[in-house]
Amino acid sequence: MSPADALTQPALWPLSMIVFLPALVAAVLALPIIPKGREELIRWVALATTVVVFVLSLWMAWPTLFGAVGPAQFTIGEAGMQGVVKKPWIPAFNIDYLLGVDGISMPLVVLTTFLSVLACAASWPITKHVKAYHVLFLLLETGMLGVFVSLDFFLFYVFWEVMLLPMYFLIGIWGGPRREYAAIKFFLYTLFGSVLMLLAILMLYFTSDLRMLSPEQLVASHVVSPALDAASRADAVAAIAAAQSPIHTFNLLALAQLGQLPKSPFAAVSLWGMSLEIWAFLLLLIGFVIKVPVVPVHTWLPDAHVEAPTPISMILAGVLLKLGGYGILRICYPICPGAGLSLAWLVCGLGVVSMVYGAFAALAQKDFKRMVAYSSVSHMGYVMLGLGVWSAVAGNEFRWDAWAQGVNGAMFQMLAHGISSAGMFFMVGVLYDRVHHRNLEEFGGIFNRMPVYSGLAVAVFFAGLGLPGLCGFIGEVLVTLSSWNYSRTLAVISAFTVILTAAYILWAIQRVYLGAEYKGPHGDHLTPMTGRELAIATPLVFLAILFGVAPQLIFNYVTPSVNRQVETLADWTRDVGSKAAQPVAGGPPAADVTSR
Amino acid sequence: MDLGSLLTSTLTDTLEVSLPLFRVELALSATIVLVLLCRMLPVLRWLDSALVALGGVAFALWYAWSDLRGLPGSPWPAVVAATHPASQELFGGLLIFDSLTAYIRFLLAGFLVLYILFTKISGIPDREDGADFYTLVLGSSLGMCLMASANHLLMIFMAVEMASVPSYALAGMLKGRKASSEAALKYAVYGAGAAGVMLYGISLLAGVLGTCHLPSMAAELGRIVGDGADSFYVADSAGPIMVLTLGGLMMAVGLAFKLSAVPFHFWCPDVFEGAAAEVGAFLSVASKAAAVALAVRVAFGLGWLGDAADASAAGLADVRHFLVYLIGLMAAVTCTLGNLGAYGQTNMKRLLAYSTIAHAGYLLLGVAAAVAMLGVDPEGCRKAVTALAFYLGTYLFMNLGAFAIVAVLRNRLRSEEIAAYAGLVRSNPGMVVAAGAVLVSLVGLPPLAGFVSKFLIFSSLVEAITKGIERPLMLVLLVIGGLNTVISLFYYLRVLKVMTFDPPPEDRVAAPAPVWLPGALVTAVVVPVVLLGIFWSGLYAYAQLAGTFAS
């Protein structure tokens, strides 16, 4: 990393620090520097780290807040990849250390760093093995942030897997009574998904061929760095064009360009009667929907959420679930558009099924935390539906605005759910820390005993419910509206699910907070919220209201990138996808295809 | 050629060509003699045989290193001025020196250095047994070096026996322990059976093909299979292929025994459990590397003859097809049964034995991919061999680390049961972190070395699939490999679970043992497991060098 790199790649240090600072601090904490008995110091160091990372990410994401607009900072309203960092990592496989952010990943990065601060602050009640806890927590943060900023599929996969082990231990050591079962279940489910993803990654890698891309596309996808001068760019492009054998790539942007070519190399290979594109899409989709999770593969989630300690539940619901949605949006659709078009019904159907099933399951729960966990399944169903509504088809004259509305809504829903679900889990945790049970039947009358807490909690739960004016509303309404253009049945079902959502949340509020008197165990422990707890809950409530009344704060980031991707894919549908029924004759590599 | 010129040419060949490329083996032999001398002569009694062995092995490592560096295409400039030819038959074709030989010999010598340090620190063997132990280890390693370079059926048999016989004695090193003696006996009987079958297979092959020299065998094999020609030695036209198949299968028995591949793996758990952890480390790492190299040697030697395009090439394609299915089947069964067998284990060494079996299966997946692409897609074939070489390189650290941890914990806890490790994280957090890195690397999760190895093996399979080479089989193997990764997670994690989640037993009496030396040893072995998972370009360049012989 020479000084020259810092000039051509201004985001090299900021972005790398955002990702790796937690891991570095974790490594230092792991060394026997801090003596035993100084747990408080470890907590403060970890919290300071998460705060620094949060401020760094905010510095990148919100330049005006910090005055000086450096070249590494994010330009709001620009659709393309920004702050791209590229260093060769494993040249033998064309693997790069390739990072970058756009309007889709930047808000998710900030959400992650923000929730990490809150979760770290919420970790104060953890008294068992404080050092190990914080080391694992910081490693987890590195893994999550790495996934959101990686633009190299190999790097993405590495970060994706790096999250698993810390999470396993965080649930397994600091969790509830059935923690071991929950931890191994989480690990096995996710690992199964990731192995399938690895197979898809390898298939895409070995069928990719950079020679099929035009010079403009090579530069646009950062295979040839745009930071180079024109002459060296031309040399690099010529070197690729002159190669004798296919040049494979893990570059996500280049893979997307290849996938959207009229003669996509991924559609040309067929295995057992289906094109490789469909196989890859399905394998990746399974890997991602396990994380989301959608209904047939969701059963790890209630166990993991319920058994995990409060801060880890916040991270699980707030960030980890978003990784699945992010993966579908960033990887599945752009790289395998043909499969995305023909399997849109699958994605939407899974979304609606989880939505309804999750809501009914939440209604049936007796355990407060389990109810919140199922509400996550239901809410993430909206994300799936919003991502899947591929309504830019022939019957619709390839108009993409409704679809873009859905994807924007899904993105908003992901961010809003990140705030509201983390808030809900925290609120449940506050109560659990006091009375040590979560049985919905044994609550009641909390409002009288803890008025401030109850007010904040009800606000957060209303945000989860999707009350207009709070953050949960915007995403749900956009998704529901947009799905009308795709399938009226699904739109009607998803609109009616809102009633179910209202039912389980209102019923829970009624059983927990309302009522005359608390009659459950440990009633004398119902003390008011501490300052620390207030400091965690207030920002969440504030953001839930803020994003409810000013959604453009998020849309300013999200919409340009989402719209561009959707528009590109809509044009692809018009030019390529709708004609895919006719067999595409194999021909020479379409190196002359101009950039879209 | 008269007798005189024959003698002269043999002498020239031996002295000027063969011996300079045989220095590693010579160094090992000299070390063995030296270790024995030190034991016999009263003057030299004071010398610690471990140090003598270490010195000799260091020489061997240096020679192996310069041989590897002297190869054409070496990633770093050669230290010695003289460069070797890419491929050179030694001793009139009995052995072959090429990139695979050089790489495996370097791996073995490097392993021996670490291994002797490890045994010195862990305390088995004690001073009294040292000379015996190191003689046996070095003798076995000598056989393994020959396995990696064998080019002739006779040498293959000799090398396998030379590697095996000392191992039988090593398995019984813990004198007076019933389990140890049982392990040695079981190993010896099983080994003798396998050797007998293999020898029978060798004689069938040699009898039909009329030669023991692998390339000459391949030429004859291609002719017989390709043209359906009669063997010169067997008159019946249906006969040769039947006999050849039988001979090949019987020879595979011997190789499978060395690889501990299913169904010839039964010795492995018993031997690992009965023998000391130190012996387990030797058998699981060194023996495995040599056996994989030999499997590659035999499959490549019998299945390919260079780019000659004639009828025999078509015949050899049939041979390869047969070999791919044979190896692939064995790989699938081996990794599945190895992983399933590991589930119920309560003894750590036994669990590692099944883990070794499973990893033999993963390695065989790579061998299958390499043989599938042999001659069809030279670049893919080279990559597959590279993947194997890389796998062996990382496997060395992973398994040496695993057994080192078992040995260090045995010295502390006086037990090798998994249950005895309960709650270890409270007293030995560093050791648990090291164990975590090793075990998770054995599962194959990033960012650890085991992931890269698996990634490379899988990518060779996918490469074959996308190129349409043996597609159905490769797909099945890929899926089986992937599923095995998932199911293997459970039992490796169970060990970590016991170490971290479970409360420590109340009656634990940890033996007072020095901490820093074993700690340094484990660190030295485990740190590469992490580093090779992140910065693997360097080792990959050397693995690529090892793969060049396949072109």
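Residues are listed down the side, and each one gets a yes or a no for (1) at pLDDT 90 or above; (2) within 28 Å of the chain's Cα centre (by Cα):
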{"position": "A:167", "(1), (2)": "yes, yes"}
{"position": "A:175", "(1), (2)": "no, yes"}
{"position": "A:185", "(1), (2)": "yes, yes"}
{"position": "A:198", "(1), (2)": "yes, yes"}
{"position": "A:214", "(1), (2)": "no, no"}
{"position": "A:248", "(1), (2)": "yes, yes"}
As an exercise: evaluate residue B:415 against (1) over 30 Å from residue B:323 (Cβ atoms); (2) part of a helix (DSSP H, G or I); (3) small (Gly, Ala, Ser) and give the number of the one condition it does not meet. (2)
Report, ordered by the first and then the second residue, all pairs with beta carbons closer than 6 Å, sequence separation of six or more or different chains, a first member in the range B:1-19 that is open to solvent by 60 Å² or more (accessible area, probe 1.4 Å), and a second member that is in a helix (DSSP H, G or I) and modelled with pLDDT under 90. none
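Out of the residues in the range A:167-189 that are β-branched (Val, Ile, Thr) and closer than 15 Å to residue A:310 by Cα, state the one that is nearest to the other protein chains (Cβ to nearest Cβ). Full working, then the answer.
Pass one, the range A:167-189, residues β-branched (Val, Ile, Thr): A:171, A:173, A:184.
Next, only the ones that are closer than 15 Å to residue A:310 by Cα stay: A:171, A:173.
On the way: A:171: 10, A:173: 6 Å.
Ranking the qualifying residues of the range A:167-189, first place goes to A:173.
Yes/no matrix, rows are residues, columns are (1) open to solvent by 40 Å² or more (accessible area, probe 1.4 Å); (2) within 25 Å of residue B:492 (Cα to Cα):
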{"site": "B:314", "(1), (2)": "yes, no"}
{"site": "B:318", "(1), (2)": "yes, no"}
{"site": "B:327", "(1), (2)": "no, no"}
{"site": "B:338", "(1), (2)": "no, yes"}
{"site": "B:342", "(1), (2)": "no, yes"}
{"site": "B:346", "(1), (2)": "yes, yes"}
{"site": "B:354", "(1), (2)": "no, yes"}
{"site": "B:359", "(1), (2)": "no, yes"}
Tally, over the range B:109-138, of residues that are small (Gly, Ala, Ser), modelled with pLDDT of 90 or more and open to solvent by 10 Å² or more (accessible area, probe 1.4 Å): 1
Among the residues of the range A:129-158 satisfying the criterion of being away from chain B (no Cβ under 11 Å) and not in a helix (DSSP H, G or I), which is nearest to residue A:199 (Cα to Cα)? A:152
Quick one: in the range A:360-403, which of the residues that are of a type in the set (S, T, N, Q) and closer than 30 Å to residue A:444 by Cβ is most open to solvent (accessible area, probe 1.4 Å)? A:365
Take the conditions more than 16 Å from the chain's Cα centre (by Cα), under 21 Å from residue B:296 (Cα atoms), open to solvent by less than 60 Å² (accessible area, probe 1.4 Å) and at pLDDT 90 or above and apply them to residue B:106. Does it pass? no
Could you list all residues from the range B:129-185 that are over 19 Å from the mean Cα position of the chain (by Cα) and among the β-branched types (Val, Ile, Thr)? B:135
Mind checking whether some residue in the range A:205-212 is assigned to a helix (DSSP H, G or I), crowded, with 24+ Cβ neighbours inside 10 Å and under 22 Å from the mean Cα position of the chain (by Cα)? no
Single unsatisfied condition, residue A:445 versus (1) out of contact with any strand residue (DSSP E or B) (no Cβ under 7 Å at 6 or more places or on another chain); (2) at pLDDT below 90; (3) open to solvent by 10 Å² or more (accessible area, probe 1.4 Å): (3)
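Go over the candidates B:461, B:545 one by one and state the one that is assigned to a helix (DSSP H, G or I), facing another protein chain (nearest Cβ under 9 Å) and crowded, with 21+ Cβ neighbours inside 10 Å. Step through it out loud before you land on a result.
Details: B:545 fails: facing another protein chain (nearest Cβ under 9 Å).
Result of the check over B:461, B:545: B:461.
Out of the range B:143-161, which residues are open to solvent by 20 Å² or more (accessible area, probe 1.4 Å) and assigned to a helix (DSSP H, G or I)? Before you say what the answer is, go through the steps one by one.
Here is the first cut: in the range B:143-161, the ones open to solvent by 20 Å² or more (accessible area, probe 1.4 Å) are B:152, B:154-155, B:157-158, B:161.
Across the range B:143-161, the qualifying residues are B:154, B:155, B:157, B:158, B:161.
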Counting only residues that are without any contact (Cβ under 8 Å) to a residue 12 or more places away in the chain and part of a loop (DSSP other than H, G, I, E, B), which one in the range B:480-508 is farthest from the other protein chains (Cβ to nearest Cβ)? B:507
Only one of these conditions is not met by residue B:292: (1) out of contact with any Leu (no Cβ under 8 Å at 6 or more places or on another chain); (2) in contact (Cβ under 8 Å) with a residue 12 or more places away in the chain. Which number is it? (1)
Among the candidates A:47, A:98, which residue alone is at pLDDT 90 or above and either in contact with a Gly (Cβ under 7 Å, 6 or more places away or on another chain) or not in a helix (DSSP H, G or I) (or both)? A:98
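Would you confirm, using the coordinates I've provided, whether residue A:596 is charged (D, E, K, R) and at pLDDT below 90?
Details: charged (D, E, K, R): yes; at pLDDT below 90: yes.
So residue A:596 passes the test.
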Mind checking which pairs have a first residue in the range A:53-80 that is closer than 15 Å to residue A:17 by Cβ and a second that is of a type outside the set (Gly, Ala, Ser) and open to solvent by 70 Å² or more (accessible area, probe 1.4 Å), Cβ under 6 Å, 6 or more apart or different chains? A:59/A:66
Quick one: how many residues across the range A:159-183 are open to solvent by 30 Å² or more (accessible area, probe 1.4 Å) and either part of a loop (DSSP other than H, G, I, E, B) or more than 23 Å from residue B:533 (Cα to Cα) (or both)? 5
Which of the numbered conditions does residue B:402 fail, given that it passes all the others? Conditions: (1) at the interface with another protein chain (Cβ under 10 Å from one of its Cβ atoms); (2) among the small types (Gly, Ala, Ser); (3) part of a helix (DSSP H, G or I). (1)
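Applying the selection to the range B:444-453, what residues are in a helix (DSSP H, G or I) and either open to solvent by 10 Å² or more (accessible area, probe 1.4 Å) or of a type in the set (Phe, Trp, Tyr) (or both)?
Selection gives B:451 alone.
From the list A:279, A:345, exactly one residue is within 14 Å of chain B (Cβ to nearest Cβ) and in a helix (DSSP H, G or I). Which is it? Let's see the steps before the verdict.
Numbers: A:345 fails: within 14 Å of chain B (Cβ to nearest Cβ).
On inspection, the qualifying residue turns out to be A:279.
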Give just the number: which of (1) of a type outside the set (Lys, Arg); (2) outside any helix (DSSP H, G or I); (3) buried (at least 22 other Cβ atoms within 10 Å of the Cβ) does residue A:116 not satisfy? (2)
Quick one: in the range A:27-86, which of the residues that are closer than 15 Å to residue A:100 by Cα, polar (S, T, N, Q) and surrounded by 15 or more Cβ atoms within 10 Å (Cβ to Cβ) is farthest from the other protein chains (Cβ to nearest Cβ)? A:73
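Could we say that residue A:237 is over 21 Å from residue A:303 (Cβ atoms), away from chain B (no Cβ under 11 Å), over 23 Å from the mean Cα position of the chain (by Cα) and not in a helix (DSSP H, G or I) here?
On the way: over 21 Å from residue A:303 (Cβ atoms): yes; away from chain B (no Cβ under 11 Å): yes; over 23 Å from the mean Cα position of the chain (by Cα): yes; not in a helix (DSSP H, G or I): no.
In short, no.
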Considering only the range B:464-511, how many residues are at positive phi and crowded, with 16+ Cβ neighbours inside 10 Å? 1
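The values are calculated or read from the model by the stated rules, or taken from the named source; none is laboratory data. Worth saying up front: this structure is predicted, and the values here are computed from it rather than measured. Virtual Cβ from ideal backbone geometry, glycine too; neighbours counted across all protein chains shown. Side chains are part of the model used for accessible areas, which takes the heavy atoms of the whole protein and leaves out ligands, DNA and RNA. Shrake-Rupley method; radii C 1.70, N 1.55, O 1.52, S 1.80 Å.
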